[in-house]
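Below is one structure, written out as structure tokens; the observations come after it.
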Amino acid sequence: MNKNPGIFNDVIGPVMRGPSSSHTAASWRAAKMSMDILNEPLKNALIDFDKNGAWAPNYREQGTTLGIDGGLLGLEMADDRMKNTELVANEMGISIRYEVNSFKTNHVNTVRLALEGIHGNKIQVLVASLGGGSFEIQEIDGFKVSICGDYYELLLFNNKSDLIPELLNDLFAHNQSMSESINGDNRLINLKFSKAISNDVLDILKNSSLFINVIVANPVLPIIAGNETELPFNSVSSMLDYAVNENLSLGDIGLIYEKCQSGLPESEVVDRMKYLVEIIENSIKTGLAGTVYEDRILPQQSHLIDNAKKRNKILQNSIVNQIVANVSAIMESKSAMEVVVANPTAGSCGAVGGVMRAVADEVDATHDELISAYFATGVIGAYFAMGPGFSAEEHGCQVECGASAGMAAAGIVQLFGGTARQAVDAASMAIQNMIGLVCDPIADRVEAPCLGKNVSAAVNALSSATMSCAGYNALIPLDEVIGTVSNVSAQMPTCVKCTGKGGLAITKTACALKEKLAMNSKVSVS
Ligand code: SF4
């Protein structure tokens, strides 16, 4: 089975509301699939976090509760009601409680969902959030599974003393992804499908006395897995050889990558990228028009650049002005719970979109050229996802703003008309400049120093693209740079990996701000 990350499943997206893709989007996805597994309307839920995990100190501030509530309540991730899920739960008469407890985990971002339905069904689901909205359901009622939201999942429960029924071979002769897990006297058989399972087949299974329970959980990722075709390259260097031999840009390569990964026709892949870019550009417009949100540290600032320019307080014809304004606008949209595209994460969603728009304006790029440049950013993100991935709780901000800087640098080279090698070298340089970047959000809000880090990533991307196209030497190949991010992460202390226990997060001012925001939320609740 092809395990390469997809550009749409793992890098550019999800389309979401909320401060953090690992907290909000991954939680929403896992909660939505958990509701399929519960298989009846929800009555109440107890959600808990391990006291030693990264989510225990900040699950509410970083939007985990919004994501879980939204998924459990059946809200879409971009639904306006995601801004106040507690109210929706109250209106629906559903109780969702959150606790910090102690339980065994194998990932810092782990959450446990204990759900009870209106007809008395009960399930317990253990989930790890892997960064950028990716997740893995690891256990269902003590049965080990690996469910990541990219397949239709068939879950068949039977007695372990029974053999795996022949019926399954008859019905699913060609299914290659059957796995089983034993818990006590029972067995869970998990089959994964790329297409919805027919009702006729489900009826046969449900009417059979061989199974205690038959459940289907639907996919929640935009691209269904299992339709992949073989990539014409399997490493950064073979990708560059292929680009040279075929005379392709990195934008062309990114499109080929996602066509192979998704199994979709080119027109559908391009259309999906256009859809995502439109949302990104709308976030810029929304942010510049002005946003407000109660639980936020900073007011709108993106308009200040234009004001300062008009008053001759800053450079007049600098692209940096536009980059800062665009990046700020996207970040402000995110912090106001407006719809954004996690790119590659919600915390780092401003850099690529902000700088790509500014450079596209500067070079008068056509829309098709901009879309092609986004494919260049996507394939860099895919190689990053094959390395450390995008979880700040595991690796710090080097995998959020660091990754976005590399992606944007490659996209800018594409907009400049540069070669695939120049684009990959620009990505290498940009990521080199951000290795070791810590994650220390002030007052647990994904606002500051996140905004400044997004702006730095965007300007760094432009300078790296400029250096690469001018012939500067990146020296260290991209794959070695990405490997170094993982190595450095292993040496970074946990306190600077999105735990709120180190860096700027523990300064006197940050602690005072956190207290003030906590007081504000108490006042608004009462
Ligand atoms: S510091 Fe970076 S990684 Fe941490 S929350 Fe902010 S943007 Fe995300």
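The values are calculated or read from the model by the stated rules, or taken from the named source; none is laboratory data. Computed from a predicted model, the values in this text were never measured in an experiment. Here Cβ is always computed from backbone atoms with ideal geometry, including for glycine, and neighbour counts include all displayed protein chains. Only protein heavy atoms, including side chains, enter the accessible area calculation; ligands, DNA and RNA are left aside. Shrake-Rupley method; radii C 1.70, N 1.55, O 1.52, S 1.80 Å.
Among the residues of segment 324-367, how many are buried (at least 24 other Cβ atoms within 10 Å of the Cβ) and in a loop (DSSP other than H, G, I, E, B)?
Going through segment 324-367 one residue at a time, the tally reaches 7.
Please go through segment 438-474 and pick out each residue that is of a type in the set (A, V, I, L, M, F, W, C), within 13 Å of the ligand (Cβ to nearest atom), modelled with pLDDT of 95 or more and not in a helix (DSSP H, G or I).
Val438, Cys439, Ala448 - these are the residues of segment 438-474 that are of a type in the set (A, V, I, L, M, F, W, C), within 13 Å of the ligand (Cβ to nearest atom), modelled with pLDDT of 95 or more and not in a helix (DSSP H, G or I).
May I ask you to list the residues in segment 64-95 that are surrounded by fewer than 22 Cβ atoms within 10 Å (Cβ to Cβ) and either of a type in the set (Gly, Ala, Ser) or closer than 20 Å to Ser391 by Cβ (or both)?
Thr65, Gly74, Ala78, Ala89, Gly93, Ser95
Is it the case, given these coordinates, that Val488 is buried (at least 18 other Cβ atoms within 10 Å of the Cβ), within 26 Å of the chain's Cα centre (by Cα) and in contact (Cβ under 8 Å) with a residue 12 or more places away in the chain?
Details: buried (at least 18 other Cβ atoms within 10 Å of the Cβ): no; within 26 Å of the chain's Cα centre (by Cα): yes; in contact (Cβ under 8 Å) with a residue 12 or more places away in the chain: yes.
No, not satisfied.
Among the residues of segment 308-323, write down those that are of a type in the set (S, T, N, Q) and either on the phi > 0 side of the Ramachandran plot or buried (at least 16 other Cβ atoms within 10 Å of the Cβ) (or both).
So in segment 308-323, the residues of a type in the set (S, T, N, Q) come out as 312, 316-318, 321-322.
Selection gives Asn312, Asn321, Gln322.
Within segment 96-115, does at least one residue satisfy the condition of being of a type outside the set (S, T, N, Q), on the phi > 0 side of the Ramachandran plot and open to solvent by less than 60 Å² (accessible area, probe 1.4 Å)? Write out each step before concluding.
Filtering segment 96-115 down to residues of a type outside the set (S, T, N, Q) leaves 96-100, 103-104, 107-108, 111-115.
This time we only want the ones that are on the phi > 0 side of the Ramachandran plot, so: none.
The answer is no; no qualifying residue exists.
Collect the residues in segment 397-452 that are open to solvent by 10 Å² or more (accessible area, probe 1.4 Å), touching a strand residue (DSSP E or B) at 6+ places or on another chain (Cβ under 8 Å) and among the β-branched types (Val, Ile, Thr), keeping them in residue-number order.
Residue satisfying the conditions is Val438 alone.
Picking from Glu338, Glu393, which residue would you name as being more than 16 Å from the ligand (Cβ to nearest atom) and farther than 22 Å from Cys260 by Cβ?
Numbers: Glu393 fails: more than 16 Å from the ligand (Cβ to nearest atom).
Testing whether each residue is more than 16 Å from the ligand (Cβ to nearest atom) and farther than 22 Å from Cys260 by Cβ leaves just Glu338.
Suppose we keep only residues that are open to solvent by less than 70 Å² (accessible area, probe 1.4 Å) and polar (S, T, N, Q) within segment 240-276. Which one would you say is farthest from Ala225 (Cα to Cα)?
Step by step, filter segment 240-276, then rank; the result is Ser249.
With the structure loaded, tell me whether Lys195 is surrounded by fewer than 17 Cβ atoms within 10 Å (Cβ to Cβ), more than 15 Å from Asp36 (Cα to Cα) and without any contact (Cβ under 8 Å) to a residue 40 or more places away in the chain or whether it fails that test.
Numbers: surrounded by fewer than 17 Cβ atoms within 10 Å (Cβ to Cβ): yes; more than 15 Å from Asp36 (Cα to Cα): yes; without any contact (Cβ under 8 Å) to a residue 40 or more places away in the chain: no.
Criteria not met by Lys195.
For Glu362, indicate whether it is within 16 Å of the ligand (Cβ to nearest atom), over 21 Å from Thr291 (Cα atoms), among the charged types (D, E, K, R) and in contact (Cβ under 8 Å) with a residue 24 or more places away in the chain.
Numbers: within 16 Å of the ligand (Cβ to nearest atom): no; over 21 Å from Thr291 (Cα atoms): yes; among the charged types (D, E, K, R): yes; in contact (Cβ under 8 Å) with a residue 24 or more places away in the chain: yes.
The answer is no for Glu362.
List pairs: first in segment 82-96 and free of Cβ contacts under 8 Å to residues at least 60 places away in the same chain and outside any helix (DSSP H, G or I), second open to solvent by 20 Å² or more (accessible area, probe 1.4 Å) and among the hydrophobic types (A, V, I, L, M, F, W, C), Cβ under 8 Å, 6+ apart or cross-chain?
none
Filter segment 288-307 for residues that are without any contact (Cβ under 8 Å) to a residue 12 or more places away in the chain and either of a type in the set (Phe, Trp, Tyr) or loosely packed, with under 14 Cβ neighbours inside 10 Å (or both) and give the result. Spell out how you get there, then give the answer.
Going residue by residue through segment 288-307, those that are without any contact (Cβ under 8 Å) to a residue 12 or more places away in the chain are 289, 299, 304, 307.
Passing the criteria: Ala289, Pro299, Asn307.
Restricting to segment 45-63, name every residue that is on the phi < 0 side of the Ramachandran plot, open to solvent by less than 10 Å² (accessible area, probe 1.4 Å) and within 16 Å of the ligand (Cβ to nearest atom).
Ala54, Trp55, Asn58, Gln62
Restricting segment 341-359 to residues that are in contact with a Phe, Trp or Tyr (Cβ under 9 Å, 6 or more places away or on another chain) and more than 15 Å from the ligand (Cβ to nearest atom), which is nearest to Glu278 (Cα to Cα)?
Met356
So the check is Cβ under 8 Å with 6+ separation or different chains; which pairs have a first residue in segment 34-54 that's assigned to a strand (DSSP E or B) and a second one that's among the aromatic types (Phe, Trp, Tyr) and open to solvent by less than 10 Å² (accessible area, probe 1.4 Å)?
Filtered contacts from segment 34-54: Phe49/Trp55.
Inside segment 280-296, can you point out the residues that are of a type in the set (Lys, Arg) and under 24 Å from Ser521 (Cα atoms)?
At the first step, the residues of segment 280-296 found to be of a type in the set (Lys, Arg) are 285, 296.
Across segment 280-296, the qualifying residue is only Arg296.
Being among the polar types (S, T, N, Q) and under 20 Å from Asp364 (Cα atoms) is the filter; apply it to segment 397-422 and report the residue that is farthest from the chain's Cα centre (by Cα).
From segment 397-422, those among the polar types (S, T, N, Q) are 398, 404, 414, 419, 422; that's our starting set.
Filter once more, keeping what is under 20 Å from Asp364 (Cα atoms): 414, 419.
Working: Gln414: 24, Thr419: 28 Å.
Residue satisfying both the conditions and the ranking: Thr419.
Quick one: what pairs do we get from segment 501-517, first residue under 19 Å from Ala392 (Cα atoms), second part of a helix (DSSP H, G or I) and open to solvent by less than 60 Å² (accessible area, probe 1.4 Å), C-beta under 7 Å, 6+ apart or different chains?
From residues that are under 19 Å from Ala392 (Cα atoms), the pairs are Lys501/Cys495; Gly502/Cys495; Gly502/Val496; Gly503/Val496; Leu504/Ile442; Leu504/Ala510; Ala505/Ile442.
Give the residues of segment 453-485 that are open to solvent by 40 Å² or more (accessible area, probe 1.4 Å) and under 21 Å from Asn343 (Cα atoms), sorted by residue number. So that I can check it myself, show each step before the final result.
Going residue by residue through segment 453-485, those that are open to solvent by 40 Å² or more (accessible area, probe 1.4 Å) are 456, 459, 463, 466-467, 469-473, 475-477, 479-480, 484.
Result: Ser456, Val459, Ser463, Asp479.
When the residues of segment 491-510 are narrowed to those that are more than 14 Å from Ala54 (Cβ to Cβ) and surrounded by fewer than 18 Cβ atoms within 10 Å (Cβ to Cβ), which ends up nearest to the ligand (Cβ to nearest atom)?
Step by step, filter segment 491-510, then rank; the result is Leu504.
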